[in-house]
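Peer 1: Below: one structure in structure tokens.
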Amino acid sequence: MGNTMRPIENMEDVKRLQYYFNCRNPRDKMLFRLMLQTGYRIGDMVGLLVGDVKEAIDIRCFVIRENKIVNMKKDYCRKKGISFTENDVIPRKVPIPLDFTKELKKYIENKKDNEYMFPSRNAGFHISEDRFGKILSAAGKKCCIKEHICNHTLRKTYALNIQIITGDISKTQMMLAHSSREATEKYLGIDMIMFKNTMDDLNKLYK
């Protein structure tokens with residue numbers, strides 16, 4: 001599913017979504033912002049505790065063992081009869097820009113360490129992946145965005161923007177913690193990236 005999902009290719013569409021979420025409740029705004037800023041999957045975000053984020057702020061970096069990678073490694077080791085612990089999985093690290101650190105501090109102000117960052121309306125639970133996916137889908141329709149917007153769209157958009165900014169597939173691979181260059185090219189749809197960059201360069205000739 002991940003490789004068939006499209007990113008949001010038009011930055012004006014991203015800006016419209018940002019404006020939409022800026023007008024919503026702080027929880028939805030921050031979850032949207034965090035996913036777009038870090039490229040983590042929704043499953044790694046919804047269960048975050050305030051204490052987790054305070055630790056990340058202290059070192060100006062998120063350090064998260066991604067659930068998908070943990071589960072894949074666990075399944076592989078089980079099939080091979082190899083012992084496994086979560087410590088066998090290298091965490092994915094994402095630096096936090098200073099301006100975003102300020103936003104996070106404001107969001108968690110007066111919250112307790114054991115509180116969920118993104119609580120559900122049902123006391124004691126966090127927002128579900130499915131619920132936020134529906135919120136995103138509705139946002140995409142409200143903003144008249146042609147792509148179908150879902151949770152994974154934000155990670156794809158994060159990856160696309162890194163590739164466009166750096167023009168370096170190896171840097172994008174590193175930021176996504178992919179195991180190979182080929183995996184990143186497949187994930188991005190590298191032909192589309194090259195085409196977009198070429199068209200952008202061509203457009204500059206006519207200005």
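Peer 1: Given a 10 angstrom Cα cut-off, can you work out which residue in Arg24, Arg155, Arg92 is the most mobile in a GNM of the chain?
Peer 2: Among Arg24, Arg155, Arg92, the largest GNM mean-square fluctuation belongs to Arg24.
Peer 1: Treating only the Cβ atoms of Lys and Arg (+1) and Asp and Glu (-1) as charged, compute the dipole magnitude of the chain about its Cα centre; round to the nearest 20 debye.
Peer 2: Using only the charged Cβ atoms, the result is roughly 380 debye.
Peer 1: Can you spot the aspartates and glutamates whose alpha carbon is less than 14 Å from Lys112's alpha carbon? Ignore those fewer than 8 places along the same chain.
Peer 2: Asp52, Glu55
Peer 1: Between beta-carbons, use under 13 Å as the cut-off and find the net charge around Cys150, counting Lys and Arg +1, Asp and Glu -1.
Peer 2: Within the 13 Å Cβ shell, the charges total +4.
Peer 1: Classify the range 80-120 as rounded, prolate or oblate, taking a ≥ b ≥ c as the square roots of the eigenvalues of its Cα gyration tensor: rounded when a/c is under 1.5, otherwise prolate if a/b is larger than b/c and oblate if not. It would help to have the intermediate numbers written out before the result.
Peer 2: On the way: a/c = 4.36, a/b = 1.93, b/c = 2.26.
It comes out oblate by the Cα gyration axes.
Peer 1: What pairs in Lys102/Lys146; Lys54/Lys186; Lys73/Lys105; Lys73/Lys102; Lys29/Lys111; Lys68/Lys171 have C-alpha atoms more than 28 Å from each other? Write down the numbers at each step before the final one.
Peer 2: Numbers: Lys102/Lys146 33 Å; Lys54/Lys186 35 Å; Lys73/Lys105 34 Å; Lys73/Lys102 35 Å; Lys29/Lys111 17 Å; Lys68/Lys171 21 Å.
Table pairs above 28 Å Cα-Cα are Lys102/Lys146; Lys54/Lys186; Lys73/Lys105; Lys73/Lys102.
Peer 1: While we're looking at this one, here's another question. Return the whole-Å distance between the Cα centroid of the range 76-123 and the Cα centroid of the range 140-170.
Peer 2: 22 Å
Peer 1: While we're here: Taking the simple approach of a point 7 Å from Cα along Cα-to-Cβ for both Cys144 and Phe84, what is their distance in nm?
Peer 2: 4.8 nm
Peer 1: Also, I was wondering about something else. Which helices count as membrane-span-like in the chain under these terms: full DSSP H, at least 15 Å along the axis by C-alpha, Kyte-Doolittle mean of -1.0 or more?
Peer 2: In the chain, the long hydrophobic H runs are 26-38, 98-108, 129-142, 151-166, 190-205.
Peer 1: Please find, in a Gaussian network model of the chain (springs between Cα atoms separated by less than 10 Å), the residue of Cys150, Cys61, Cys23 whose mean-square fluctuation is greatest.
Peer 2: Cys23
Peer 1: Answer rounded, prolate or oblate for the chain, using the Cα gyration tensor with square roots of eigenvalues a ≥ b ≥ c: rounded when a/c is under 1.5, else prolate when a/b is larger than b/c, else oblate.
Peer 2: Details: a/c = 1.67, a/b = 1.15, b/c = 1.46.
Oblate.
Peer 1: Then there's this: Among Thr166, Leu98, Gly81, which residue has its Cα furthest toward the positive end of the charge dipole of the range 78-187, with +1 on Lys/Arg Cβ and -1 on Asp/Glu Cβ?
Peer 2: In the range 78-187, that residue is Gly81.
Peer 1: Running a GNM on the chain with Cα contacts under 10 Å, which residue among Thr85, Thr172, Thr101 ends up with the highest mean-square fluctuation?
Peer 2: Sorting by GNM fluctuation, first place goes to Thr85.
Peer 1: Next up: At Ser179 and Lys15, where each label point lies 7 Å from the Cα along Cα→Cβ, what is the point-to-point distance in nanometres?
Peer 2: Simple spin-label model gives 4.0 nm for this pair.
Peer 1: Still on this structure: For the range 70-142, what ratio Rg/Rh do Cα atoms give with a Kirkwood hydrodynamic radius?
Peer 2: Value, to two decimals: 1.10.
Peer 1: Using only alpha carbon pairs under 8 Å that are at least six residues apart, calculate the relative contact order of the chain and give it in whole percent. Let's see the in-between values first.
Peer 2: On the way: 220 pairs, mean separation 59.9, N = 207.
Relative contact order here is 29 percent.
Peer 1: So between Met72 and Glu109, what do we pick up on full extension, going 0.36 nm a residue minus the alpha carbon distance?
Peer 2: 9.7 nm is the gain from fully extending Met72 to Glu109.
Only the coordinates and a few stated rules stand behind these numbers; no lab work does. Because the structure is a prediction, the values reported are computed rather than measured. Cβ: placed from backbone, ideal geometry, glycine included. Neighbour counts: every protein chain shown.
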